[in-house]
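Colleague: Provided herewith is a single structure, encoded as structure tokens, for subsequent inquiry.
No value in this document is a laboratory result; all are computed from the given coordinates. All figures in this text were calculated on a predicted structure; none of them were measured in a lab. Glycine also receives a Cβ, built like all others from the backbone with ideal geometry; neighbour counts cover every protein chain displayed.
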Amino acid sequence: MFRYGLKTSVAINLAVLLMIAMVLIHVVTIIVTQNVLIRSEILRGYRLISIIENRISNKDEPGKLIDDGAFYSQIEQIVQGAGFFGIILVDEETIPIFSYGDLQPFTDNLVQLTADSVRSKKNNKGFYGSTYGIFWEQQEVLCLASPMNYKENTIGGAGILLRLDGVYSILHNIQQFSFVYILINTFFLTLIGLYCFSKTLIRPIYRLLYRAEDFDYDDGAFFLHEDGKNEFNQLSRALNRMLQRISDDNEKLQRTVFSLEQANSRLKVAQKEIIRAEKLASVGRLSAGIAHEIGNPIAIIMGYFDLLKNRSISQQDKDEFINRAEDEVNRINRTIRHLLDFARPSKEHMEIVSAHEIIEDVTEACKIQPLMSDISVALALDSIHDKIFCNPDQLKQVLLNLMINANDAIAASPGRADGHLTVGSEYVPASSKDGVYAGDLLKIKVTDNGVGIPKENLDGIFDPFFTTKDPGKGTGLGLSVSFMIIEAFEGKMEVSSEDGIGTSMIVYLPLSAIENKSDSA
């Protein structure tokens, strides 16, 4: 769409307003002129009737309207010279006795108007017919009627017909001249008005606009204004005050942003330290179990070494003892490797990983714990897609924390002998999660049959330092840190629990669309 500049818009609007104003004035002027011309014709018609009435007084037989050819010939000359289209005379009985000119089709109207004038002894006028006037349809003819008296006696009446074409012709000529005058006036008045508007309005606006576009806080000065009390000078001063306040607030904002950036950096460092501390706490619990777990294979290896010192055993037995000792060493190596995997510093970057592989690694590490020796651990990895975008070390920390909590819940349950822990996965299409997430989800569910969580504690389990464990057995940061990690992965953590029955910790993580498409293919 074409957009006009301010000066062009002002010029167009000014020209339109001037044109409308002058056209309205022209219409009013034409109507007034038309009324004046018609009134002039009415006066001229009555003056003609008055002349005829005076001629009757000078007749040889005054006081009577009789068939007098010479008299009627004079009337014809008078009517023709005055420019009227016709005349009719009636006697005192309202009977027509003379007519002249083109009276059709208004003869009956003129006769009736003249008869009414004789009977009422008053002047009458009437408009008849219709024709196109100046702006719309108007009357075609004007009829005038007046009684004629002689020595205070009414001896008859006269009716005159005047066509209004002449009046309309004069008005048309005036109109044509007026249109030319309107166009010329509109052009020059628009130029004059535009100059005045430009000087008093447009130029100051442009100066403010150019100054605003080139504005820089470092300039020191803002909108320049002249001395005076007009609105633009007041606006300039007001803008200067506003921009000065904005400049001051901008400096404060920059200082605040810098302070917030520093605080955010410190917060991120503290957050990493919290995650690291909680991870080390989990590793500490693993280490206690692993230390006990390593002791058994070491004792077995030492027994094999003692047997190998016996020279009486066969070479076949020696080879078998060496192979068994090697198996125990590999067992120790796997245990230590799991511990080191959890203990090493987390990588900062995120990548696309297989959630099922991470779940299997964490589950394998937890199975060797003595505390879980009486707990059956089952995997139900039913999801058809498992590729997610996350930090694998931090996801391992979350799963390890959930499994340790499940172990503690089962250990506190009176039915510890039949304790079981299930880790499952499920594919959740985006449409089935109430539109909260834009894409598909992987649902990871860790379920135990432990003591459960009382209903009054469910709302606070993700709060920092919230714990129901005995002093020294928990920091109260495990679930809080896990919740924070899952949210950083743009996921969500939920809990479902019944007191005395068990608990399900549910984690929703966005699936990697690219990896899952390749899996489907």
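Colleague: If you average the alpha carbon positions of the stretch 132-196 and of the stretch 77-125, how far apart do those two centres end up, in angstrom?
Modeller: Here the answer is 23 Å between Cα centres.
Colleague: Here's another thing I want to ask about it. Go through the stretch 137-146 residue by residue and turn each phi into a ³J(HN,Hα) via Karplus (6.51, -1.76, 1.60, θ = phi - 60°); whole Hz please, and just put x for glycine and proline.
Modeller: 5, 9, 5, 8, 10, 10, 10, 10, 9, 8
Colleague: Does the stretch 377-419 classify as rounded, prolate or oblate by the C-alpha gyration tensor (a ≥ b ≥ c root eigenvalues; a/c under 1.5 gives rounded; else a/b over b/c gives prolate, otherwise oblate)?
Modeller: Note, shape of the stretch 377-419 comes out oblate.
Colleague: Once both labels are modelled 7 Å past Cα along the beta-carbon direction, what's the residue 257-residue 92 spacing in nm?
Modeller: The modelled label-to-label distance comes out at 11.1 nm.
Colleague: Where does each of 183-196, 256-269 land if you order them by average Cβ count within 10 Å, highest first?
Modeller: 183-196, 256-269
Colleague: A 23 angstrom limit on the alpha carbon distance is what I want to check against. Which of 396/445; 367/492; 309/367; 387/455; 396/455; 455/492 exceed it?
Modeller: Listed pairs above 23 Å: 367/492; 309/367; 387/455; 396/455.
Colleague: Among 386-393, 12-19, how do they line up from the highest to the lowest mean number of other beta-carbon atoms within 10 Å?
Modeller: Ranked from most to least packed, the peptides come out as 386-393, 12-19.
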